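Here is the structure we will look at, set down as structure tokens.
The values are calculated or read from the model by the stated rules, or taken from the named source; none is laboratory data. Just so you know, these numbers come straight off a predicted model, no measurement behind them. Every residue, glycine among them, receives a Cβ derived from its backbone with ideal geometry; neighbour counts consider all protein chains shown.
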Amino acid sequence: MKQKELSIWLRVVLGVGAAFILFMALVLVPKLGQRAIEHYPELEYMYLPCLIFFWVTAILVLVFLALVWKIAVEIGRDNSFCNENANRLRICSNLALIDVILYLIAGCILGFMNLLHFSLVIAGVVICSLGTAIAVCCAALSHLTRKAADMQSENDLTV
């Protein structure tokens with residue numbers, strides 16, 4: 001696969017992912033919250049804080065996707081190994097880590113309020129595991145991209 005094709009493919013996947021996140025944040029999660037309130041009216045006071053929490057974490061994911069979009073554009077320009085991409089990957093790593101920390105804090109708060117259902121624990125473990133894996137991968141890729149960018153600039157100076 002050529003770099004232009006890879007760049008286009010990545011951007012299509014990122015666009016679909018962003019559309020899915022927006023659908024979840026603006027349609028699916030509010031509807032599920034409303035249905036939960038219908039079944040458990042005593043939890044209505046938790047609807048808005050939980051919705052705002054989800055929106056904040058969705059914004060972090062959308063910023064992450066925007067940064068990866070910029071990386072895909074650079075790949076299409078045949079500029080994969082540049083310091084800008086290394087910095088973007090470092091920021092992506094930090095965003096994933098922030099998301100993990102927010103979900104851990106939310107889990108602790110729900111636990112202290114005695115509202116932590118077993119399904120939420122499972123979902124939290126999955127989200128935190130994936131987020132941690134993404135953070136580690138982005139950090140490693142950032143390091144490798146920076147090394148490759150340094151080697152490329154040394155090569156350019158040699159020629």
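In table form, for the structure just shown:
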| read-out | value |
| --- | --- |
| Residue count, segment 88-113 (criterion: under 15 Å from A140 (Cβ atoms) and out of contact with any Cys (no Cβ under 7 Å at 6 or more places or on another chain)) | 5 |
| Some residue of segment 91-105 being among the acidic types (D, E), at pLDDT 95 or above and assigned to a helix (DSSP H, G or I) | yes |
| Within segment 115-153, considering residues that are over 24 Å from Y103 (Cα atoms) and over 23 Å from the mean Cα position of the chain (by Cα), the one surrounded by the most Cβ atoms within 10 Å (Cβ to Cβ) | A149 |
| Segment 103-114, subset crowded, with 16+ Cβ neighbours inside 10 Å and not hydroxyl-bearing (S, T, Y), residue farthest from I134 (Cα to Cα) | L110 |
| Residue within segment 51-73 that is surrounded by fewer than 16 Cβ atoms within 10 Å (Cβ to Cβ), out of contact with any Leu (no Cβ under 7 Å at 6 or more places or on another chain) and of a type in the set (G, A, S) present | yes |
| Single residue of L10, L43, L62, L67 found to be farther than 18 Å from I127 by Cβ, touching a residue at least 12 places away in the same chain (Cβ under 8 Å) and under 13 Å from the mean Cα position of the chain (by Cα) | L67 |
| Hits in segment 46-59 (condition: free of Cβ contacts under 8 Å to residues at least 24 places away in the same chain and either among the aliphatic types (A, V, I, L, M) or under 16 Å from Y103 (Cβ atoms) (or both)) | L48, P49, C50, L51, I52, I59 |
| Selection count, segment 46-95, where residues are β-branched (V, I, T) and touching a His at 6+ places or on another chain (Cβ under 9 Å) | 0 |
| C128 in contact with a Cys (Cβ under 7 Å, 6 or more places away or on another chain), in a helix (DSSP H, G or I), outside the structural domain of P41 (by TED's automatic domain parsing) and not aliphatic (A, V, I, L, M) | no |
